[in-house]
Amino acid sequence: MQVKLSQAVKMFFTNSSLEMVYFEAVANALDAGATQINITISIDSENYLPSLTIKIEDNGIGFTDERYSKFVKLFNVDEDSHKGLGRLVYKFYFNEVQIISHFDKTKKRDFFFDEEMSESDNVIEVDETSSGTKLILKDYSLQKLAKNTYISVNYLKTRILEEFYSILFQKKNAKKPVTITLESSIGTSKDKKIIDENDILDLQEVELDLSVDLINKLYLHYHIQKLDNNEKSLISAISIDNRTVKYEIVAEENIPSGYKMVFLLFSDYFNGKVDLTRQNINIPKDDEKRIKELFRQKVAQLIEREAPEVIRIKNKIKNNLVDKFPHLSHYFEDDEIGYSSKDNVLKNAQKKFFRDQKELLEASEFTDEQYDKSLKMSSMALTEYVLFRQLTIEQLKNITSNNSENDLHTLFATMKTTFNQENTQDDIYKNKAWVLDDKYMTYKTVLSDRQMDEIVGHITEDETSSDGDRPDIALIFSNNPLNDEPFDVVIVELKKRGVKLEENIKAITQLEKRARKLMKYYDNKIQRIWFYAIVEFNEDLEMHLRGEYKELYSSGKMYYRETKVAISMNPDLILPISIYVWDLDAVIKDADLRNATFLNMIKSKFTVDEEEE
């Protein structure tokens, strides 16, 4: 071969899958005029890849001298529809690639696809026989299969249909139907599937009202069939060079149960508009946007006419999106909802939202229209923050004993981080002190999993400590706008769910230890200080607390007591401190109730705006 295969394979197939081996072989067989294609997969077991062998046989015209000459010259192609690179995928997965081909009635060509190939390979004369080619792939070169489905004939039947539906449809219409037989032998398990003209539906044709250039028009071939069961299937694609390039018009999540649908877009405009490995469509962005919009609009019309259930699905999805993201309701596109995935609908709405934000922020002066828009945008930005808070709350609700203490801690504040008041705008999505109480968002400094000496340094500015112990969360406040001192301080210790009584009590012991370090600044640098242990309550813990603690009530359980800690021995100094032991579920419930107030207000506001419009 005139190109070093190992380098060519690495260069062109950095993003491939084993199924491309089947696609390339079937494409070559169809190019050779085959009407019968047999794919045989054999392997001793799914995990023993050295035994994997794939054989693909066809009854095409075979490797004639002309076809063989083009095969050995990597980039020697006659037209854009033949890229000349697909066969490299064989060498990406298999070290041994043998091709045995009969052609011109009495000629046989038998060779290995490797660097030693040349145009002068011997051809031998044999008794007259039918033309055809056998491709044998052995010695799998990778460590494992990315997916076991790549050797499943059931999966491969679906994927081959998706990939070649357009040409199989055209062959059927031309009265030259193709049959593809897939057989597998995996250990002692055998399976067989067949693709024939019965799998190719009769498609109706409609011309789309768009010409992407001055010459070529777009034609949609489609079929919508109501099934007698709840199965569902969809093929939506563009036909390029007789290959069906998957093109998502309706996301799988939106396909109504009990329907089989096929939508194929044909146009001479698409000829050659695919990359060298046939993995990506090469269409100018503006053209692709117009084509996709029109493709989806026409598909939506057809589906809503033939499968009215999709209208109910569409309305349900829209109501769900508006309910969860009311601030984006003006940005949701009706022709996307129910067809594009919910993630994409949301992503596109957010892009439009951010675009409008940028436009307003960069405006030098506001018109009346822009002023009204700015008010709406600011309420939307606030809504995004409230929704982010709700997401955090939902994550806290889902924390279990299987989660680590770090998992829990991170939902309160990013670990090993210091948050300063001047950076509040940048840190607003990282520091979640509002989970404890909204008043804690007026902090001067929040230290998450930082050392005690750093905390002391923030309070005193000129004193240091050698204590490397780390409270989970420390919050420092000042309510004096003219002078940072004296400070209010909050110390929080967290314990994960499901720990034993002794571990929960340890949180209280840790608070007392923090108090000894900080209370010596009481009435000097610190005016008030609160100590919180946030733990999961259970009967053992409550029994332990009820002896010395007083129960308080809010959205859940909290216990409180005043105790005394020794600050120093010389002079003898003992000071009172207040310790709160707070049930984790109560913290979450309280935060949920506070945030629900904002959510309900936002939903009602956007609903009113929608009705007014």
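The values are calculated or read from the model by the stated rules, or taken from the named source; none is laboratory data. Only a predicted model underlies this, so the values are computations on that prediction, with no experimental measurement involved. Virtual Cβ from ideal backbone geometry, glycine too; neighbours counted across all protein chains shown.
Within region 477-490, restricting attention to residues that are under 12 Å from residue 528 (Cβ atoms) and at pLDDT below 85, which residue is surrounded by the fewest Cβ atoms within 10 Å (Cβ to Cβ)?
479
Those strands (runs of 3 or more DSSP E) of region 203-255 in which 2 or more residues are in contact (Cβ under 8 Å) with a residue 40 or more places away in the chain and surrounded by fewer than 18 Cβ atoms within 10 Å (Cβ to Cβ) occupy 204-211, 217-226. Residues that are surrounded by 14 or more Cβ atoms within 10 Å (Cβ to Cβ) and not acidic (Asp, Glu) within region 421-441 comprise 421, 424, 428, 430, 431, 432, 433, 434, 435, 436, 440, 441, listed in sequence order.
Taking region 506-556 on its own, how many of its residues are polar (S, T, N, Q) and buried (at least 17 other Cβ atoms within 10 Å of the Cβ)? Count: 2.
State whether one or more residues within region 49-60 are within 31 Å of the chain's Cα centre (by Cα), modelled with pLDDT under 95 and closer than 30 Å to residue 188 by Cβ. Yes, region 49-60 has at least one match. Right, residue 375: modelled with pLDDT of 80 or more and loosely packed, with under 13 Cβ neighbours inside 10 Å or not? When the stated conditions are applied, residue 375 does not pass them. Summed over region 227-269, residues that are on the phi > 0 side of the Ramachandran plot and either touching a His at 6+ places or on another chain (Cβ under 6 Å) or among the acidic types (Asp, Glu) (or both) total 1.
For the structure I just gave you, tell me whether residue 285 is outside the structural domain of residue 205 (by TED's automatic domain parsing) and over 23 Å from residue 205 (Cβ atoms).
Against the criterion (outside the structural domain of residue 205 (by TED's automatic domain parsing) and over 23 Å from residue 205 (Cβ atoms)), residue 285 does not qualify.
Taken as a whole, region 230-244 holds at least one residue that is small (Gly, Ala, Ser), over 16 Å from residue 307 (Cβ atoms) and within 33 Å of the chain's Cα centre (by Cα). I'd like to check something: does region 489-508 contain any residue that is free of Cβ contacts under 8 Å to residues at least 12 places away in the same chain and closer than 25 Å to residue 455 by Cα? Yes. Summed over region 234-263, residues that are farther than 23 Å from residue 334 by Cα and touching a Phe, Trp or Tyr at 6+ places or on another chain (Cβ under 9 Å) total 8.
Taking region 538-596 as the range and being within 14 Å of residue 435 (Cβ to Cβ) and basic (Lys, Arg) as the test, the residues that pass are 589, 594.
Going by the conditions given, is residue 81 polar (S, T, N, Q), surrounded by 17 or more Cβ atoms within 10 Å (Cβ to Cβ) and modelled with pLDDT under 90?
no
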